[in-house]
Amino acid sequence: MDIIDKVVAPLLEKLAGRVEDKWYKSKYEVVKAAANTPKGDFGEEVTTALIKKIIGMHAEIINGGKGEFDILTASKVTFENKLATEDTSGGFQFNGLKKDIEYDYAFCLGVSPNDLWFGIWSKEEVEELTVSMTKDGSDSFKLSARKSPNTKYRVMPLTIENFKREVSKIV
């Protein structure tokens, strides 16, 4: 065993004995662990399938979710789909929203260890975002949302009733 292994081995044991975080053995642990592209694909597929099953309307992912928007419905409503996992303080940061491309709504899917959340914001509301993803940048923005009803950007539990009520308002 070399010096690096001698230093690292007891620290690995110490790390293994620490209390697991809130994602450990949770329902959606696999989402948290996934790389960004598969996470995004998962979010687009969930949203599209729910529009089909709950709303009863055809919807499809366009160009594999690359381009101006991600999802097109039969009523010609377009969605930019974003997925975020819950942070340590219980909030969600939906990254990469763009103001200069064409879509009607941002559909934001929040994933907690054992629950799903969502929020839908119009393109006009996205255009009001001011926090850029890059220093001095203006190409993509982040939307920070919370579960609290007292916040501007609020996510709600993803239930059949909530989804149907909110999506039916716009499709």
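The values are calculated or read from the model by the stated rules, or taken from the named source; none is laboratory data. What you are looking at is a predicted structure, and each value in this text was computed from that prediction instead of being measured. In this analysis, Cβ positions are derived from the backbone assuming ideal geometry, glycine residues included, and neighbour counts consider all displayed protein chains. Quick note on the areas: whole protein, heavy atoms, side chains included, nothing else; ligands and nucleic acids left out. Shrake-Rupley method; radii C 1.70, N 1.55, O 1.52, S 1.80 Å.
Computed FRET efficiency, Cβ-Cβ of T159 and K25, R0 22 Å: what is it to the nearest 0.05?
Here the calculated transfer efficiency is 0.40.
Whole angstrom only: what separates the Cα centroid of segment 17-73 from the Cα centroid of segment 105-148?
Comparing the Cα centres of segment 17-73 and segment 105-148, I get a distance of 15 Å.
Would you please give the FRET efficiency between I4 and D115, computed as 1/(1 + (r/R0)^6) with r the Cβ-Cβ distance and R0 = 45 Å, to the nearest 0.05?
0.60
Once you have all Cα-Cα distances for segment 75-171, histogram them in 5 Å bins from zero and send the whole-percent values.
3, 13, 24, 25, 20, 11, 4, 1, 0
Keeping all protein chains in the complex and leaving out DNA, RNA and ligands, what accessible area do you get for D115 with a 1.4 Å probe, in Å² to the nearest 10?
Surface open to solvent at D115 totals about 80 Å².
Which value, to two decimals, describes the C-alpha radius of gyration of segment 85-140 once divided by 2.2 N^0.38 Å?
Here the Cα radius of gyration is 1.23 times the empirical estimate.
Measuring from label point to label point, each 7 Å out along Cα→Cβ, what is the I62 to S148 span in nm?
The modelled label-to-label distance comes out at 3.7 nm.
Over the residues of segment 33-77, compute the C-alpha Rg and express it relative to 2.2 N^0.38 Å.
1.17
What would the Debye formula give as log10 I(q)/I(0) at q = 0.09, 0.18 Å⁻¹ for the alpha-carbon point model of the chain, no solvent?
Values, matching the q order: -0.37, -1.16.
Please give the per residue volume of the convex hull enclosing the alpha carbon atoms of segment 1-89, rounded to a whole number of Å³.
So the per-residue hull volume is 164 Å³.
May I ask you to list the residues of segment 97-112 whose amide nitrogen lies under 16 Å from a point 7 Å from Cα along the Cα→beta-carbon direction of V171?
Those under the cut-off are 104-109.
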